[in-house]
Every structure is written in structure tokens, then in C-alpha cells.
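My questions will all concern the structure given below.
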Amino acid sequence: MHVTMDLTPIADDDVCPVREILDRIGDKWSVLVISNLAGETLRFNALKLRITGISQRMLTETVRKLERNGMLSRTIYPTIPPRVEYALTPLGQTFVEPIQTLVHWADSHSREILAARRAYDIEQEQPVQAITMSY
């Protein structure tokens, strides 16, 4: 079965809609935020603790971007200090299954990928042999 997608730009600035959307929500931090919010609501610091290596600034930018794109909601409670919780919207929930599929694939094939990287790196370290051509 052959599936075609209409990638005709929807805006006048010739932006491919699929690429533009994936650029906004398909980066590693967005994927990790979405996967951590799957099925639960978390406060900012709890989310930060779960995502190893993300800075506070990057997490702030990521949740704002996801909120802007309709993927998550932010609820602010009027306490001192204010309590802020994040949850996936119904649209964000639709992205959980594809992310989980990708994570499962990466986990299942990580050894093969690491072995391929090592083999490639070893091959790249070999000195280039001169090729002599005789005519």
C-alpha cells in the first residue's frame, strides 16, 4: 500500500506544514516532556527532576512552546508561592502513543545502533589508502 501526503504549503511563506510542526513539537525536550506527562499532571520541579539534563530555562521554553501549540495546559493556583501544574491536553494525549512507539523502537534497537556507531567510528579512524590507477 502506498500512502501519499499532501505537503503543499498552507501559508504564503513556503513552509512545509509537517516539517514546521515537527520542528515545534518533535525535538528531544518536547518528546521527553510529553512522555513524562502521559497520564498525569506534574508541577514544574517534578517535571524537571524527571528529565535528566534539562536546564530550568530550557524546560520553561519547552513547556511554553508546547502550551502555545496546544499540546499541554498550565494551571496556576493562587497560593504563595504560586503552584503551577502541567498536563497534556486532548491534542497532547494523541501524541503519546507515537512517542511511546518511538521510545520502544529506540530501546529495542539501541544495542544495534551502538554497535553500528562503534564500527563506523573504527572505520573512520583507519588511514585513507591511496588508490593507484594504471592506464
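The values are calculated or read from the model by the stated rules, or taken from the named source; none is laboratory data. Since we're looking at a predicted model, the values are computed, not measured. Here Cβ is always computed from backbone atoms with ideal geometry, including for glycine, and neighbour counts include all displayed protein chains.
Looking only at region 65-85, count how many residues are of a type outside the set (Val, Ile, Thr), part of a loop (DSSP other than H, G, I, E, B) and out of contact with any strand residue (DSSP E or B) (no Cβ under 8 Å at 6 or more places or on another chain).
Adding up the residues that qualify gives 4.
List the pairs whose first member sits in region 81-95 and is closer than 16 Å to VAL31 by Cα, whose second member is among the basic types (Lys, Arg) and in a strand (DSSP E or B), and whose Cβ atoms are under 9 Å apart, counting only residues at least 6 apart or on separate chains?
From residues that are closer than 16 Å to VAL31 by Cα, the pairs are TYR86/ARG43; TYR86/ARG74; ALA87/ARG74.
Further question on the same structure: If a residue must be surrounded by 12 or more Cβ atoms within 10 Å (Cβ to Cβ) and of a type in the set (Ser, Thr, Tyr), how many such residues does region 65-93 contain?
Count: 3.
Continuing with this model, one more query. Going by what's in this entry, would VAL96 be described as β-branched (Val, Ile, Thr), in contact with a Lys or Arg (Cβ under 7 Å, 6 or more places away or on another chain) and either modelled with pLDDT of 95 or more or surrounded by 13 or more Cβ atoms within 10 Å (Cβ to Cβ) (or both)?
In short, no.
Find the residue count for region 37-64, including only residues that are crowded, with 16+ Cβ neighbours inside 10 Å and touching a strand residue (DSSP E or B) at 6+ places or on another chain (Cβ under 8 Å).
Qualifying residue count for the region: 5.
So, in region 47-64, of the ones that are in a helix (DSSP H, G or I) and out of contact with any Phe, Trp or Tyr (no Cβ under 9 Å at 6 or more places or on another chain), which residue ends up nearest to HIS104 (Cα to Cα)?
ARG50
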